[in-house]
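The values are calculated or read from the model by the stated rules, or taken from the named source; none is laboratory data. Treat the numbers as computed from the prediction; the structure is a model and nothing was measured. When we count neighbours, we look across all protein chains shown, and the Cβ atoms used for this are built from the backbone with ideal geometry, even at glycine.
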Amino acid sequence: MVAGNMIGAGVFTTSGFALADLGSRGAVLLAWVLGGVIALCGALSYAALAERIPGNGGEYLFLSRAVHPLAGFLAGWVSLLAGFTAPIAVAAHGLEAYVSAGIGVAIPSGVVGTAAILIAGLSHGIARGPGLRLQNLAVGLKLVAIAVFVVGGGLVLIAGANGDGGGHLASDVLHGVGSPGAVAVTLPAFAVTLVWISFAYSGWNAAVYVAGELEAPETTLPRALVVATVGVTLLYLALNAVFLFAAPIPSLAGKAEIGAIAAEALGGAWIRAALSGIVALGLFTSISAMVMVGPRVYAQMAADGVLPGWLAAASDAPRTAVWLQVSLALAAFFVGGLRDLLLYVGFLLGLSAAATVACLFRGFVRGEGIGPRVPGFPWVPLVFIVLTLGGAGFMLAREPMQGVAGLVTLCAGLVAHRLSSRSAGRRVGSGLE
């Protein structure tokens, strides 16, 4: 589930834009390495929090218990809009593009994306078992297909059959990154690139949202988070190395469809069609994972009384919450622009995750003993917090409108919390609870 939630739209679209900003294959790969380190630090920190505060809900649960119910509500509000709804819409847009590229036929806008979201809703709105089985099968097929492409593409590059970059990785890393002057010039662009890449890694915390449904979560959860994060990081590095070295830099820079361009450079139109199928599968499993995980957060919030009670899970699956998620995702899919959604998501999720990891220090200061449970404490959570907030700060300086959108979202969350509290008070006063 963690791997399925991580491998989505970001890895197949981000590197072209990063290459345009950084101008160096090595710098782009370095950003992917650092993004993996950030994700791993976050996974280790979340595993410690989940052990200390068991249950479903992720950031909502942690912040509610460790800080204040309002902080948890705002985290759940961010998850509702930026954590699941917008990323589902982004993945649906990408799925449509790659399906059209794969079959070579223009499909009416909205058909494929709508169908994918509805299928995911049907799968996970029935019961946990069928949805998980479909999810695991799709993830397995996706990982095998990506591995085949990485191995095949790597062999072609090693043989020197395609691309202009083979054998020049070391010089790329040095050029634009190694000299002091270059670092000063490229630091803002590099930091903003990390925000985009962090979106590609988002999902490393997926298992935390359903921790209450796992068997022996104290052992299975840390292992799932760490193993999946490390595995996906290695896969991302290999996949992006093939993407970046398969074709000349000018043909890749600034292109969202970098995977398709690289595939055609490696083996022609049929390879491009095959990779488009792999990407489409990856995007569908990402949609499916988010439709499965997101409603668990809303159901937990409903169980705690901060969202309407009809969203709570009445059986094995939170059906009502699933269909709320489907409805919101479809609305975002039809009204949201891809680039703006990505920036909005990266900014808000970074703030939410950094605030959550900071709960480790609150517990440690109080003498609750949570610090030693995190390997490398306090450096591991500090690395996550500093790098995440640093990237968000640079992005805010370059894209101030996204900061405004984020603040509007948080203010709307405050209003929603106020209305929810008043509604709960009326129910108690009338004897309905």
Just checking, does region 75-86 include any residue being over 15 Å from the mean Cα position of the chain (by Cα) and modelled with pLDDT of 90 or more? no
Which condition from (1) at pLDDT 75 or above; (2) more than 30 Å from Pro108 (Cβ to Cβ) is the one that Asp316 breaks? (1)
On the given criteria, is Val297 over 23 Å from Ala200 (Cα atoms), at pLDDT below 85 and either touching a helix residue (DSSP H, G or I) at 6+ places or on another chain (Cβ under 9 Å) or assigned to a helix (DSSP H, G or I) (or both)? no
So is Ala331 in a helix (DSSP H, G or I), farther than 30 Å from Leu44 by Cβ and not hydroxyl-bearing (Ser, Thr, Tyr) or not? yes
Do we have any residue at all in region 111-118 that's among the polar types (S, T, N, Q), surrounded by 24 or more Cβ atoms within 10 Å (Cβ to Cβ) and either touching a residue at least 24 places away in the same chain (Cβ under 8 Å) or not in a helix (DSSP H, G or I) (or both)? no
Take Ala256 and tell me if it is within 17 Å of Thr14 (Cβ to Cβ), surrounded by fewer than 22 Cβ atoms within 10 Å (Cβ to Cβ) and at pLDDT 90 or above. no
Flagged in region 237-253 as in contact with a helix residue (DSSP H, G or I) (Cβ under 7 Å, 6 or more places away or on another chain), more than 20 Å from Gly36 (Cα to Cα) and surrounded by fewer than 24 Cβ atoms within 10 Å (Cβ to Cβ), in numbering order, are Ala247, Ile249, Ser251, Ala253
Within region 1-23, which residues are at pLDDT 85 or above, small (Gly, Ala, Ser) and buried (at least 24 other Cβ atoms within 10 Å of the Cβ)? Ser15, Ala18
When Gly431 is run through (1) at pLDDT below 80; (2) crowded, with 16+ Cβ neighbours inside 10 Å; (3) out of contact with any helix residue (DSSP H, G or I) (no Cβ under 6 Å at 6 or more places or on another chain), the failure sits at (2)
Select, from Ala355, Ala273, Ala321, Ala302, the only residue that is closer than 30 Å to Ile261 by Cα, aliphatic (A, V, I, L, M) and in a helix (DSSP H, G or I). Ala273
Would you confirm whether any residue within region 398-416 is more than 24 Å from Val33 (Cβ to Cβ), of a type in the set (Ser, Thr, Tyr) and at pLDDT 75 or above? yes
Does Leu221 fit the bill of being among the hydrophobic types (A, V, I, L, M, F, W, C), part of a helix (DSSP H, G or I) and closer than 22 Å to Phe149 by Cα? no
Residues of region 25-63 satisfying the condition of being surrounded by fewer than 24 Cβ atoms within 10 Å (Cβ to Cβ) and either basic (Lys, Arg) or assigned to a loop (DSSP other than H, G, I, E, B) (or both): Arg52, Ile53, Pro54, Gly55, Asn56
